[in-house]
Amino acid sequence: MPERVYPPVIAAAKLLFRVLDLRITVDGAQHVPTTGGAVLASNHVSYLDFVFAGFGAQPARRLVRFMAKDSVFRNRVSGPLMRGMHHIPVDRSAGQASYQQALTALRAGEVVGIFPEATISRSFRVKDIKSGATRLAAEAGVPLLPVALWGTQRLWTKGRPRHLTQRHVPVTIVVGEPLPPATTDAELHERLQSLVDDAQARYPEAGEGRWWQPAHLGGTAPTPEEAARLDAR
């Protein structure tokens, strides 16, 4: 398919990264397959995660087609960009259509990006995951590519002010080894949490009391139980 929109959007994002002097580290980029279909499954801590998860696939020169809620496609600014980059709209009242579109893309050799937690984790721990990622990988017969993002929540996350012009923020992207198509939800959850733990451990900034740190590391983010109550409201 023609790629008139995606390349200039990537170039603009990279320019913004340089202007803000974001300290981006990508580990495990060699795990991204250079050809063929794959389901990229990432944890979700920020509204900007699709940008950075896609950036992790750039060394392999892969363009990721992200599944995103259909309201983003109806926005007059983001809509034309999302459609131009051939992302996949998800209407939660008619999810089978988006599932089939993603399956077709995978069988055509595309990388499809999914946030299996479905919503941003306020606790910055990996929430219970939905089965869409594992179902797609199994039905398409393609590997699951687990990705952990850390630091992106400092730029823009749920329940916090935006910090889109903040400079010098470290962002860690860890790409894990591909998992087989028959991977279960529990196995994917365990692998994602392991990668997130690894990203947190190697993150260059830490310290107790920071809002963007999870509670179990001494931060002031909600615990998973507190986050669940906030989501339920």
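Figures for the structure shown
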quantity	calculated
Selection within segment 89-135 - of a type in the set (A, V, I, L, M, F, W, C), in contact (Cβ under 8 Å) with a residue 12 or more places away in the chain and under 30 Å from Arg229 (Cα atoms)	Val90, Ile114, Phe115, Ala118, Ile120, Phe124, Val126, Ile129, Ala133
Leading residue by the ranking (nearest to Gly28 (Cα to Cα)) among those in segment 199-218 that are crowded, with 16+ Cβ neighbours inside 10 Å and touching a residue at least 40 places away in the same chain (Cβ under 8 Å)	Ala199
Residue within segment 64-74 that is touching a Pro at 6+ places or on another chain (Cβ under 6 Å) and not hydroxyl-bearing (Ser, Thr, Tyr) present	yes
Ala228 exposed (fewer than 15 other Cβ atoms within 10 Å of the Cβ), assigned to a helix (DSSP H, G or I), among the aliphatic types (A, V, I, L, M) and more than 19 Å from the chain's Cα centre (by Cα)	yes
Candidates Leu48, Leu40, Leu63 - the one that is surrounded by 16 or more Cβ atoms within 10 Å (Cβ to Cβ), within 14 Å of Pro143 (Cβ to Cβ) and of a type in the set (A, V, I, L, M, F, W, C)	Leu40
Subset tally (residues that are of a type in the set (Val, Ile, Thr) and in a loop (DSSP other than H, G, I, E, B)) for segment 104-133	4
All positions within segment 102-114 that are farther than 18 Å from Glu3 by Cβ and surrounded by fewer than 18 Cβ atoms within 10 Å (Cβ to Cβ)	Leu103, Arg107
Residues of segment 21-75 satisfying the condition of being part of a strand (DSSP E or B) and hydroxyl-bearing (Ser, Thr, Tyr)	Thr25, Ser42
Test for Pro143: is it more than 21 Å from Val45 (Cβ to Cβ), in contact with a helix residue (DSSP H, G or I) (Cβ under 6 Å, 6 or more places away or on another chain), surrounded by fewer than 22 Cβ atoms within 10 Å (Cβ to Cβ) and not hydroxyl-bearing (Ser, Thr, Tyr)	no
Residue check, Glu177 touching a residue at least 12 places away in the same chain (Cβ under 8 Å) and among the acidic types (Asp, Glu)	yes
Residue that is surrounded by 13 or more Cβ atoms within 10 Å (Cβ to Cβ), in contact with a Leu (Cβ under 7 Å, 6 or more places away or on another chain), at pLDDT 95 or above and over 21 Å from Pro33 (Cβ atoms), where the choices are Thr157, Thr134, Thr152	Thr152
Count - residues of segment 61-85 that are touching a strand residue (DSSP E or B) at 6+ places or on another chain (Cβ under 7 Å), over 17 Å from Ala97 (Cα atoms) and modelled with pLDDT under 95	0
Every residue from segment 80-100 that is farther than 18 Å from Glu3 by Cβ and surrounded by 14 or more Cβ atoms within 10 Å (Cβ to Cβ)	Pro89, Val90, Ser98, Tyr99
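The values are calculated or read from the model by the stated rules, or taken from the named source; none is laboratory data. These numbers come from a predicted model, not from an experiment. Note that each Cβ is placed from the backbone with ideal geometry, even for glycine, and that neighbours are counted across all protein chains shown.
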